[in-house]
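Visitor: Provided herewith is a single structure, encoded as structure tokens, for subsequent inquiry.
The values are calculated or read from the model by the stated rules, or taken from the named source; none is laboratory data. Keep in mind that what you see is a predicted model, and the values were worked out from it rather than measured. Here the Cβ positions follow ideal geometry from the backbone for every residue, glycine too, while neighbour counts run over all protein chains shown. In case anyone asks, the SASA skips ligands and DNA or RNA and just uses the protein heavy atoms, side chains included. Shrake-Rupley method; radii C 1.70, N 1.55, O 1.52, S 1.80 Å.
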Amino acid sequence: MPEAKDQSFFVGFDNNVPRPLAGFALRIAALLIGGFAMLALVLGGGGEDTGPGIYGDEIIMQGELHAKPYPFLRVAADRDHPAGRAILLAGDGKVGAEGDAKPFDGQQVVARGAALKRGTLDMMVVGSGGFSMPAKLPGAAVPAQAPVSRGTWRLSGEICDGKCLGGAMRPGSGLAHKACANLCISGGQPPVFASTGTVDGTSFFLLADKNGGPVPDAVYDLVALPVDLEGDVERVDNMLILKVDWAKLARR
């Protein structure tokens with residue numbers, strides 16, 4: 001009788017892998033790939049989904065301009081924003097909008113720029129000459145309401161530059177973006193704290209010092225890292241400002 005050949009026997013110097021062993025290896029590989037894919041989905045879904053950053057089309061908005069701690073525009077209430085709307089203003093490139101905004105501080109202006117949107121974070125990128133006086137003041141000006149205190153909070157999260165986080169850059173957060181974020185913040189772009197928790201349903205906070213001024217240079221070492229910030233939270237329309245006591249900050 002002819003000798004039976006065992007096709008499942010593996011020979012290291014033979015390039016032909018036996019069919020039963022090849023099938024077994026393919027099944028193991030498929031299980032590993034599927035398992036890692038499921039693990040990635042579980043880990044990715046563990047954080048809060050703040051939505052993708054969107055760099056939108058050019059828009060024109062009219063409202064009351066405020067230059068401190070960083071420029072923002074207060075727009076009259078509408079159907080989607082019954083309590084009013086505050087839009088953070090960024091400049092072109094790595095330079096903030098403060099230089100152009102300062103002469104119009106506290107005045108009604110028309111702002112022209114590109115919309116940025118991520119979750120509850122509303123921004124506009126305004127280029128040079130992007131502000132002008134309105135030809136006619138609106139019939140109902142933005143109410144001159146004082147900021148509303150929301151108390152003192154200790155929040156965990158990440159310090160980012162608002163422009164890139166809002167959708168001007170990918171990625172707009174994390175260690176891969178640290179150098180870019182520091183350049184933007186040092187140039188005057190508004191720093192934004194992306195918190196793991198929320199206050200009044202908002203997880204994005206414009207950062208300021210405890211007196212309501214711009215952030216100190218100490219912030220640069222903390223950008224893109226997990227940090228705990230403590231300070232007073234103020235609401236201006238739909239925007240929250242976190243006035244940080246930088247002496248109480250902590251790395252996690």
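Visitor: Subtract the Cα-Cα distance of Ala179 and Asp221 from 0.36 nm times their separation in residues, and report this length gain in nm to one decimal.
Guide: Separation in residues times 0.36 nm, less the Cα-Cα distance, equals 14.1 nm.
Visitor: Which order do His66, His177 take by accessible area at a 1.4 Å probe, largest first?
Guide: Ranked from most to least accessible, the order is His66, His177.
Visitor: What are the ³J(HN,Hα) values, in whole Hz, obtained from phi via the Karplus relation 6.51 cos²θ - 1.76 cosθ + 1.60 with θ = phi - 60°, for each residue of the stretch 151-160 in sequence order, with x given for Gly and Pro?
Guide: Result, rounded to whole Hz: x, 9, 10, 10, 10, 9, x, 9, 8, 10.
Visitor: Let me ask you something else. For the stretch 70-199, which semi-axes, largest first and in whole Å, follow from the square roots of 5 times the eigenvalues of its Cα gyration tensor?
Guide: Working through the eigenvalues yields semi-axes of 26, 20, 12 Å.
Visitor: Amide H to amide H under 5 Å from Met124: which residues, 5+ apart in sequence or cross-chain, H placed 1.01 Å off N in plane?
Guide: Leu88, Leu89, Ala90, Leu116
Visitor: Residue by residue through the stretch 185-196, what is 3J(HN,Hα) from phi via Karplus (6.51 cos²θ - 1.76 cosθ + 1.60, θ = phi - 60°)? Round to whole Hz and write x for glycine and proline.
Guide: 5, 5, x, x, 5, x, x, 10, 9, 8, 8, 7
Visitor: Moving to a separate point now. How would Trp246, Trp153 line up by accessible area, probe 1.4 Å, largest first?
Guide: Values: Trp246 40, Trp153 95 Å².
Result of the area sort, largest leading: Trp153, Trp246.
Visitor: Continuing with this model, one more query. How much length is gained on full extension from Thr152 to Gln108, taking 0.36 nm per residue of separation minus their Cα-Cα distance? Walk me through the numbers before you get to the answer.
Guide: On the way: separation 44, 0.36 × 44 = 15.84 nm, distance 3.14 nm.
Residue separation times 0.36 nm, minus the Cα-Cα distance, leaves 12.7 nm.
Visitor: Give the calculated FRET efficiency between Asp245 and Thr120 to the nearest 0.05, with a Förster radius of 30 Å applied to their Cβ-Cβ distance.
Guide: Numbers: r = 24 Å, r/R0 = 0.80.
Computed FRET efficiency for Asp245 and Thr120: 0.80.
Visitor: Further question: Enter the accessible area per residue of the stretch 111-229 (Å², integer; probe 1.4 Å; all protein chains in place).
Guide: For the stretch 111-229, the per-residue accessible area is 43 Å².
Visitor: May I ask you to compute the full-extension gain from Ile59 to Lys210, defined as 0.36 nm times their residue separation minus their alpha-carbon distance, rounded to one decimal in nm?
Guide: Here the answer is 51.1 nm.
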